[in-house]
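> Here it is, the structure, as structure tokens.
The values are calculated or read from the model by the stated rules, or taken from the named source; none is laboratory data. This is a predicted model, so every value here is computed, not measured. In this analysis, Cβ positions are derived from the backbone assuming ideal geometry, glycine residues included, and neighbour counts consider all displayed protein chains.
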Amino acid sequence: MTHHRAALQKQIRDDVEAEKILKQVIDDYRTAEITDKEKGLLEYAEKLTKKPGSITEADIDNLKQHGLNDRDILDLNQVVAYFNYVNRVADGLGWGYSSKM
């Protein structure tokens with residue numbers, strides 16, 4: 001989460017606001033003070049992470065309704081899939097907990 005925090009702080013250039021947004025999104029992105037588009041992106045990311053086989057054309061259409069084009073959707077898909085992959089590798093090697101390997 002540290003690198004996400006740093007990236008957000010760099011983007012919005014307001015450490016206090018970045019912390020506020022991160023807390024809201026971590027607690028529940030559906031009620032966070034973010035745009036509908038951002039909520040749509042997070043909804044897709046959550047579904048792809050938790051139930052990848054349940055993605056349907058309706059999910060893609062929803063992203064398009066938020067202004068994403070095919071390339072944007074591909075990029076979103078790749079980023080979410082990559083983070084899922086990296087997190088599973090780290091967890092599978094025990095890097096997700098405090099240990100001395």
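> Mind telling me which of the residues Thr56, Thr31, Thr35 ends up being over 22 Å from Asn87 (Cβ atoms) and at pLDDT 95 or above? Walk me through it before giving the result.
Numbers: Thr31 fails: at pLDDT 95 or above; Thr35 fails: at pLDDT 95 or above.
Selected residue: Thr56, the only one of Thr56, Thr31, Thr35 that is over 22 Å from Asn87 (Cβ atoms) and at pLDDT 95 or above.
> Report, ordered by the first and then the second residue, all pairs with beta carbons closer than 6 Å, sequence separation of six or more or different chains, a first member in the range 55-78 that is touching a residue at least 24 places away in the same chain (Cβ under 8 Å), and a second member that is assigned to a helix (DSSP H, G or I).
His66/Lys37; His66/Gly40
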